[in-house]
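The values are calculated or read from the model by the stated rules, or taken from the named source; none is laboratory data. What you see is a predicted model; the values in this text were computed from it and never measured. Cβ sites come from the backbone with ideal geometry, for glycine too, and all protein chains shown count toward neighbours.
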């Protein structure tokens, strides 16, 4: 009986969470806003191994904070990017630091998180400080930058992305974005 009550409580919570109103994607952006927050899901295929997680990404000035959680919401890791510094906190809060977030994420997650470019790519933008090639395909807009191919489905044209796929020869990362929050430009 206790198991049934626990299962019913969990299912009711999941049902209520699925009915929660999500903030829609904002209109397409031409530059990185000073502040934003977005939640989403990520599926990673790295060298034949699959990983799924939820994430919450907050950007404010030079600080990016990414919380990675399991499908039930338990935080597994936190990444903090502050200028050139990168910090990784595991689920127990233990800190690991490095100068290079890509190397740090590979060491801790098993795959290279392209965080420096991703802060732009989530918004459908190329990193303005790096060479980029945009291509319009029949089903997607495609960006090539820093050795990554980023595809945005055409149905999201005119808004910030709700889905994108990042790929390179040994890795594919599929991202679904929801609950966008952009800082207001009014006081």
All but one of (1) crowded, with 17+ Cβ neighbours inside 10 Å; (2) more than 17 Å from the chain's Cα centre (by Cα); (3) in a loop (DSSP other than H, G, I, E, B) hold for residue 141; which doesn't? (3)
Residue hits (segment 121-131; part of a loop (DSSP other than H, G, I, E, B), surrounded by 18 or more Cβ atoms within 10 Å (Cβ to Cβ) and free of Cβ contacts under 8 Å to residues at least 60 places away in the same chain) are 126, 127
Candidate set from segment 170-187 (those that are closer than 24 Å to residue 55 by Cα and not in a strand (DSSP E or B)); member that is modelled with the highest pLDDT: 170
Has segment 40-63 got at least one residue that is surrounded by 16 or more Cβ atoms within 10 Å (Cβ to Cβ), touching a strand residue (DSSP E or B) at 6+ places or on another chain (Cβ under 8 Å), touching a residue at least 40 places away in the same chain (Cβ under 8 Å) and within 21 Å of residue 155 (Cα to Cα)? yes
Could you list, in sequence order, the residues of segment 146-155 that are touching a helix residue (DSSP H, G or I) at 6+ places or on another chain (Cβ under 6 Å) and at pLDDT 95 or above? 150
Please count how many residues of segment 21-58 are over 21 Å from residue 174 (Cβ atoms) and modelled with pLDDT of 80 or more. 2
